[in-house]
1. Count, please, the residues in the range B:31-41 that happen to be aliphatic (A, V, I, L, M) and either within 7 Å of chain A (Cβ to nearest Cβ) or closer than 17 Å to A:ARG129 by Cβ (or both).
2. If I ask for residues that are over 19 Å from A:ALA130 (Cα atoms) and open to solvent by 20 Å² or more (accessible area, probe 1.4 Å), which ones from the range B:1-22 would you list?
3. Need pairs with beta-carbon distance below 7 Å; first residue within 13 Å of B:PRO40 (Cα to Cα) and within the range B:1-27, second open to solvent by 70 Å² or more (accessible area, probe 1.4 Å) and in a helix (DSSP H, G or I); sequence gap 6+ or separate chains.
4. If I ask for residues that are open to solvent by 40 Å² or more (accessible area, probe 1.4 Å) and assigned to a helix (DSSP H, G or I), which ones from the range B:23-53 would you list?
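The values are calculated or read from the model by the stated rules, or taken from the named source; none is laboratory data. Nothing here was measured: the structure is a model prediction, and the numbers come from that model. Reconstructed Cβ throughout: ideal geometry from the backbone, glycine too, with neighbour counts over all protein chains shown. SASA here: full protein model, heavy atoms, side chains in, ligands and nucleic acids out. Shrake-Rupley method; radii C 1.70, N 1.55, O 1.52, S 1.80 Å.
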Amino acid sequence: MMSEIQDRPRSLAAKVGLTVVLAGVGAFCGYGMAQLFKDHGAPWPDVLAVAMAVALIAIGLMSAIVLFTRPSTIPKGCGVLQIAVFLLAGVMLLLPMYAPAAIAPDVVFGGIVLLLATQTVANVMLWRRADEMLRQVMAETSAIAFWALQTALFLYAAAERLGMVDSISAWALMGILMAVYLLASIVASARRGIT
Amino acid sequence: MNNRLKVLRAERNWSQADLAAALGVSRQTVNALETGRYDPSLPLAFKIARVFEQPIESIFSDSGA
């Protein structure tokens, strides 16, 4: 039996409050990035990885704010799992750069493996619990990212073999992969009206 | 593909969340269906028809027809 209750829109005060909170999260992320980048000697792969990590964590935090402040009549669905995946991805990108300052590298790597296993479980659960449209968005994201990356990788590899460009590290390639995947995810989601 | 989901839902005074719960999909999926950004699979189309107690062809129409 349906409830016959319309979604109750947020009040103006709630909308303004939410906007202020989201702007605060954005400002905090921007400040954090500026602090991290003030060391101009940082190599570009690290700068890219930090940018991706901050973007992923910011998306996760903003999604959490939206998820837990929207009307209770709207089911939370896969939102919690999506937030967990974003936050774990962001943390895993930061750990190889900043954790070794305080923790032994092998311990850091063990932690990364553990987090990656947790994120993999979360991703599998997300796929199993998602409805057909969300699964299609995930599949389209993977397809877009795969074709963009394999095309770029082939061109780069050919140029490198011909001695036209310098070699870049696996860490740099990982940062590029994350950036392309994030863009592909935005494109695939926007096509379905998911913002 | 065109559909009459929004009209049928409004006639019953259901929210998108209500319809999403009845169909077992997310509210975003109902919104994407109503705005024509997503065409449902055949099983979901049959489920929609059952929920509204109407034949599929009275809910969905080929935009090229």
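1. Summing the residues that are aliphatic (A, V, I, L, M) and either within 7 Å of chain A (Cβ to nearest Cβ) or closer than 17 Å to A:ARG129 by Cβ (or both) in the range B:31-41 gives 1.
2. B:MET1, B:ASN2, B:ASN3, B:ARG4, B:LYS6, B:VAL7, B:ARG9, B:ALA10, B:GLU11, B:ARG12, B:ASN13, B:TRP14
3. B:LEU23/B:LYS47
4. Hits for the range B:23-53 are B:ARG27, B:GLN28, B:ASN31, B:LEU42, B:PRO43, B:PHE46, B:LYS47, B:ARG50.
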